[in-house]
1. First compute the accessible area of region 292-379 with a 1.4 Å probe, then give the percent of it belonging to carbon and sulfur atoms.
2. Rolling a 1.4 Å sphere over the protein heavy atoms, what is the accessible area per residue of region 155-314, to the nearest Å²?
3. Applying 1/(1 + (r/R0)^6) with R0 = 41 Å to the Cβ-Cβ distance of residue 608 and residue 521, what FRET efficiency is obtained, to the nearest 0.05?
4. Tell me the angle of helix 270-279 to the major Cα principal axis of the chain, expressed in degrees between 0 and 90 and rounded to the nearest ten.
5. Just the Kirkwood number for region 34-166, please: inverse of mean 1/r across all distinct Cα pairs, in Å, one decimal.
6. Taking θ = phi - 60°, what integer Hz values does the Karplus form 6.51 cos²θ - 1.76 cosθ + 1.60 yield along region 431-443, in sequence order, with x for Gly and Pro?
7. Cα-based Rg of region 97-139 per 2.2 N^0.38 Å, rounded to two decimals?
8. Can you work out D for region 92-173 in µm² s⁻¹ from Stokes-Einstein, where Rh is the Kirkwood radius over C-alpha pairs, the temperature is 20 °C and the viscosity is 1.002 mPa s?
Amino acid sequence: MAGLISRMARQSRPPEAAEGVPGVPAPRGAHAVEEAAESAVEMSVDVTVIVPVRDCRAYLDRCLTSILVQRVSKEIVVVDDGSTDGSSELLALYAGYHRGVVKVLRHEHRGGAGGPRNLGLAHARGRYVFFCDADDYLGPEALERMLAMADRNCADIVLGRVVGHGRRAPESMFHRSVDRADLGDSAVYNSLSCFKLFRRAMLTKHRILFDEDLVVGEDIVFTTHAYCHAGVISVMADYDCYHLVSRSDGTSIMQQPGSRDPVAWLRMIKGPIALMARHIRPGPLRDHLLRRHFRLDALAQLGRPFLVAEEVERKQIAEEVAGLCDEWLTEGVRKRLPSIDRQRLDSLADIDRLVRLAQIEAASVRSRLTGLSWHNGRLSVTGTAILEGLDPAGECEIALVLRPRRGGHQDVVAQVAGGPRGFAAALDPAGLASGVWDAYAAVTCEGVTRLGRLGADRDDRVARPAPCVVDDVVLLPYFTRTHGNLSVDVGGHVVAVPGRVRLRATRWAFGHRLVLDGEIKVGDGELGTGGLRHLVWRERTTGQEHKEPVVMLPGNQFAVRPVVGRLGPGTWDAYVEMRLGGPPVRFRIEAEPQVVTAAKSWWRGPVRRTVRPYVTNGKGRLSATVKIMKPGTAFRRMIR
């Protein structure tokens, strides 16, 4: 480990003081020189990473290493919150090897991470601040990418995609990258953790700090306050920036007993809600933000926490939620909530009904796929679906739901015939936009809908259907590799589009054109004029490409008249390029030797050009060689 730290030290900045680290000497020189050096460093620091440490020795190496390798101008402010497991000694080692980059501060342990983070923030010098817990770590390019996005958009906050390792990570705000996310028309406010990039000037100007009196929820206060003052919020969804790790020893604050006590949580969340309301006037934006607090903070306590609570605690939970409703619930918030939460609001005085709703929500959907096939351009799906673990079961309705994997579109719901013991649905692909759609069985009981992935449990006779082309869009039902669930790839984004292009005839035409007639087969259905785009000649060595338009004919036939005289010398492979509702796909043109015409030569000025179409050995695919002979070469051959 010392060798690794030594190698990383050579990539760090010139030595400076390691503040607060016993045994690490301060730099020698005049006080004025020291102040000038510190001033220069402050101006050059782009990101200050603040890491609170409390007995994280087993995770600390990975965390600090992941920050040190970030290719940005940075400083790492580590706040030792009274560690007793050897973390302090390791921090001293890092500070000694990385003077001027790693700064270690001491903090007397008094509870949560709010105090250490505030101390680190007080010593920060970077233009931006990033908070990282000592048991988590960063992706290798996280800060570089987030800083570039921040500078490009003058952002005050940048959210980088979070990945969970044994812990649940937020997802709703990371469906796509957004340069300027609208706080009132996006899901960014769903993420109230502090693992983000913040502009330090904004934090300083508005005195945005962590609540040091809170052991749990101190980052919610901080991030809520920051959102209220952020002029530009950016989202980076195409890179794994932050890795959220569950401690195997169960020693983190959120793994301690009582850290998620529902009554304590409901009392804590009043502070962030009141803070937000002081900055956001009543109206659609406040209703949008309040929806998050009611949905994820307040009404969520009427779910699983409510089921495991004793009778007295259930009444306390309901009373706390009712108190929040009395103060903050508006009709605008209510309209934004799902059906189950609106039912809960209507049942706060009925503990038995709240228990029943929680039981329905906790029930899992058990489904089985019994049939899957194409029928008249529609995907026919049959199966069974029930709510497991619900007593009494109650009357249920079934629906087939396709949900876009990357968001951006509404769910597509196909009504079904039959019931839980046997349903049949006919999915019209016209309602599916380009992308990957995951299939769910939706079971609705007493107005509450539960979703479960469909397809992992299926009859042995159920096989993956062939692709189907509808209006020049290819639809590829498939079963996912990890769990075997049913999904539909519209356009060929993750599933390779199977297809075949065969050459029927070739001939030479006027203007040195090589006429190609052929046929294309992609799944079931007839291709229209919109899918077929180009004949592509690709030079085998250089990768240079030349494209020619293709004419689509009835019966999946095509014709193309490429001017091969425009091709340079080399070996050129022939492809047909299509766009079937997604990214372009290419198929090599297959041919039999007898349908390929002979070579042709002609003179253009003093240059003799020879083009020889041929069929490759083995797989039998169309290619062509192009040779150019200049007068000097021809003369030398003649006199040999």
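1. Carbon plus sulfur share of accessible area: 45 percent.
2. Working: 7200 Å² over 160 residues.
Ligands and nucleic acids excluded, the figure is 45 Å² per residue.
3. Numbers: r = 39 Å, r/R0 = 0.95.
So, using R0 = 41 Å, E works out to roughly 0.55.
4. That works out to roughly 70 degrees.
5. One over the average 1/r among Cα pairs gives 15.2 Å for region 34-166.
6. Couplings: x, 9, 6, 4, x, 9, 10, 9, 8, 10, 8, 9, 10 Hz.
7. Computed over Cα atoms of region 97-139, the ratio equals 1.26.
8. Values: Rh = 15.3 Å.
Value of D from the Cα-based Kirkwood radius: 140 µm²/s.
The values are calculated or read from the model by the stated rules, or taken from the named source; none is laboratory data. Because the structure is predicted, anything quoted here is derived from the model rather than measured. Backbone-built Cβ (ideal geometry, glycine too); neighbour counts: all protein chains shown. These area figures cover heavy atoms from the full protein model, side chains too; ligands, DNA and RNA do not enter into them. Shrake-Rupley method; radii C 1.70, N 1.55, O 1.52, S 1.80 Å.
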